[in-house]
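The values are calculated or read from the model by the stated rules, or taken from the named source; none is laboratory data. Since we're looking at a predicted model, the values are computed, not measured. FYI the Cβ positions are ideal-geometry reconstructions off the backbone, even for glycines, and counts take in every protein chain you see.
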Amino acid sequence: MAAQTNQPLKDGYQLQNYRILKVLSCGGFSIVYLAEDENDVPVAIKEYLPAALVLRREGDALPAVGEENLAVFRQGMKRFFEEGRSLAGLEHTNVVRVLNFFRANETAYMVMRYERGRTLQQHIEHLSGGIKEEFIRRTFTMLLNGLREVHANSMLHLDIKPANIYVRNDGAPVLIDFGAVRQTLADGAARLAPVYTPGFAAPELYRSRELLGPWSDIYGVGASMFACLSAAAPPAADQRMEHDRHIPASRAWKGKYSGHLLETIDWCLRLDHLERPQSVLELQKVLLRERDPVVAALPATAGLRGAILKLAGWRGKE
């Protein structure tokens, strides 16, 4: 079924104890609204509304779902609801705060704390001359604190990119839009096709999903740091696996940024998942280190790799 254009809920619509003020963003998977609760506190509300499966016409509150799409729609809504439940259990300054989640209008909603600032993607577009190394180091070191908490709860994000990294007005980054989040390695239920972005998605998302792990999100972190330098994503991983035309950061920006930062980015963007940092903790230690990392001698043995994962708090299976 081809994607359609879904109509958002009207401004002023009362959704349980929230009043819709306006649309913040509208994508193929969901619509995000700015709303106020009963105490006039602003919140962001994400509505599950996949355009490929449902159609909501202007003036309607309920989406129309064809019989042929009903099972898949409900399966996705269940996963969306589970994501809300999982994220509501996380409280970290660098992870979007989920305040509530509920079902209404025959779909599901996720209520999040409304943050003031702009996305890293908007920062990149605004600073056309390139982003300073100090900003990159500070932003991603803080962001990794949040990602470490996500991984410690046996979840993966799987769609890390500048558009999903929100930078508050005080400079603190927030990991947002867990549209591809997975309760990984403990949930064997069938799921919808993954949501990922070419250029930022790890190679194993394309071919070997059984290999997904913290290193998969770390590829997205590396690609996002790369985008801070280039104002564009690296080549898509599936293309790189066929014929790798990717120019390493350590060659492309030699002399413009420290060798340490450039080599760290290249390390995160290795095609072989075993050659990337195996945990957020491992990457954080290197990113905070002043001397160049020895990326050529990465631990690849199962025992040492397992020890690193245990140290990082990853509770899933390898």
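Being closer than 12 Å to Arg168 by Cβ and in a loop (DSSP other than H, G, I, E, B) is the filter here, so list the residues in segment 99-131 that pass it. Across segment 99-131, the qualifying residues are Tyr114, Glu115, Arg116. Could you list all residues from segment 261-287 that are buried (at least 18 other Cβ atoms within 10 Å of the Cβ) and more than 21 Å from the chain's Cα centre (by Cα)? Passing the criteria: Leu261, Leu262, Glu263, Val286. Suppose the filter is surrounded by fewer than 17 Cβ atoms within 10 Å (Cβ to Cβ), at pLDDT 95 or above, over 30 Å from His243 (Cα atoms) and of a type in the set (Lys, Arg); does Arg168 pass it? In short, yes. In the set Glu38, Glu83, Glu67, only one residue is at pLDDT below 95, outside the structural domain of Asn164 (by TED's automatic domain parsing) and more than 26 Å from the chain's Cα centre (by Cα); that residue is Glu67. Restricting attention to segment 41-58, and to residues there that are surrounded by fewer than 16 Cβ atoms within 10 Å (Cβ to Cβ) and at pLDDT 95 or above, which single residue is farthest from Val111 (Cα to Cα)? This residue is Val41. What do you reckon, is Pro8 modelled with pLDDT under 90, in a loop (DSSP other than H, G, I, E, B) and surrounded by 14 or more Cβ atoms within 10 Å (Cβ to Cβ)? So Pro8 fails the test.
Of the residues that make up segment 132-144, is at least one within 18 Å of Phe226 (Cβ to Cβ), outside any helix (DSSP H, G or I) and outside the structural domain of Leu24 (by TED's automatic domain parsing)? Taking every residue of segment 132-144 in turn, at least one turns out to be within 18 Å of Phe226 (Cβ to Cβ), outside any helix (DSSP H, G or I) and outside the structural domain of Leu24 (by TED's automatic domain parsing). In the set (1) at pLDDT 95 or above; (2) assigned by TED's automatic domain parsing to the domain that holds Asn169, Glu125 fails one condition alone, (1). In this structure, Ala61 does not satisfy being crowded, with 18+ Cβ neighbours inside 10 Å and in a loop (DSSP other than H, G, I, E, B).
Of the residues Val111, Val95, which is crowded, with 17+ Cβ neighbours inside 10 Å and farther than 16 Å from Ser224 by Cβ? Answer to the selection: Val111.
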